[in-house]
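Working notes, structure below.
The values are calculated or read from the model by the stated rules, or taken from the named source; none is laboratory data. Predicted, not measured: the structure shown is a model, and the values here were computed from it. Cβ placement follows ideal geometry from the backbone for every residue including glycine, while neighbour counts extend to all protein chains displayed.
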């Protein structure tokens, strides 16, 4: 049961529930903090290929989470593997390797009974072939349908290097499955897109089922607590609220103190000042 000693009002427009991302040496402290505050948890220990390749260690981590996750009062999600994977690969061997690795993550998700799994998209902003976008979208549809055949887990497709929101929208719509939605990674938008956060929210709309929260200065993914970078969080939250959205927000910053700073900062914003101007 969550502690009642935390701040009384943790309500933030556009955010329905905070989730603490848990992994590494601080996993126990981070999970304890999430339980204490009444938050959810995003399991991120299975992002790393060395962990997934180590059968005994992987099984040990699964057992640890199966023991601890029932304590979590909020939703539980899992961040899937991402390094060097290519769902849109033309090369059948690369595609098969991606399918195998992501399938491994879905197996773990099913063992843990999580609510959803997030995977990165792999759009190349360097592509200049006018046919690339259409072909990429077709390959996305084929890959995710095959990966999810016979599965019951929800998958969220996260923007990574995509410069425009319609790319993510097209991928989700091309898959055409109720169990596939979008994860809006606000720091990735800030790093990779010239369009404001509010345009991403308006374009993706109800496809957005999760928000990833950290900050940066626009140069690379620095995973700073919000307010320490240059993301306009009023724009993000005001746009979500204006669309009638209230989505889970995964705190992707290091440590318990970083999670506290994130929540405190977002709760301090006067998002109501944004109004319809965010769109």
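Restricting segment 240-249 to residues that are surrounded by fewer than 24 Cβ atoms within 10 Å (Cβ to Cβ) and touching a residue at least 24 places away in the same chain (Cβ under 8 Å) leaves a set whose member that is farthest from residue 78 (Cα to Cα) is 242. Screening segment 126-154 for residues that are outside any helix (DSSP H, G or I) and surrounded by 13 or more Cβ atoms within 10 Å (Cβ to Cβ) and picking the one that is farthest from the chain's Cα centre (by Cα) gives 151. Report whether or not residue 30 is closer than 15 Å to residue 111 by Cβ, in a helix (DSSP H, G or I) and modelled with pLDDT of 95 or more. Criteria not met by residue 30.
For segment 12-26, which residues satisfy the criterion of being within 21 Å of residue 201 (Cβ to Cβ) and in a strand (DSSP E or B)?
Narrowing segment 12-26 to residues within 21 Å of residue 201 (Cβ to Cβ): 12-19.
Matches in segment 12-26: 12, 15, 16, 17, 18, 19.
From 129, 122, 115, which residue is touching a strand residue (DSSP E or B) at 6+ places or on another chain (Cβ under 6 Å) and farther than 15 Å from residue 45 by Cα?
Answer to the check: 115.
Only one of 164, 207, 191, 169 is touching a strand residue (DSSP E or B) at 6+ places or on another chain (Cβ under 6 Å) and crowded, with 16+ Cβ neighbours inside 10 Å. Can you tell me which?
Working: 164 fails: touching a strand residue (DSSP E or B) at 6+ places or on another chain (Cβ under 6 Å); 191 fails: touching a strand residue (DSSP E or B) at 6+ places or on another chain (Cβ under 6 Å); 169 fails: touching a strand residue (DSSP E or B) at 6+ places or on another chain (Cβ under 6 Å).
Of the residues listed, the single one that is touching a strand residue (DSSP E or B) at 6+ places or on another chain (Cβ under 6 Å) and crowded, with 16+ Cβ neighbours inside 10 Å is 207.
Exactly one residue among 182, 174 is part of a helix (DSSP H, G or I) and in contact with a helix residue (DSSP H, G or I) (Cβ under 8 Å, 6 or more places away or on another chain), and that residue is 174. The set of residues from segment 178-202 being closer than 20 Å to residue 140 by Cβ and in contact (Cβ under 8 Å) with a residue 12 or more places away in the chain comprises 179, 180, 181, 182, 183, 184, 185, 188, 189, 192, 193, 200. When you check residue 78 against the structure, is it surrounded by fewer than 21 Cβ atoms within 10 Å (Cβ to Cβ), over 20 Å from residue 266 (Cα atoms) and at pLDDT 95 or above, yes or no? No: the conditions fail for residue 78.
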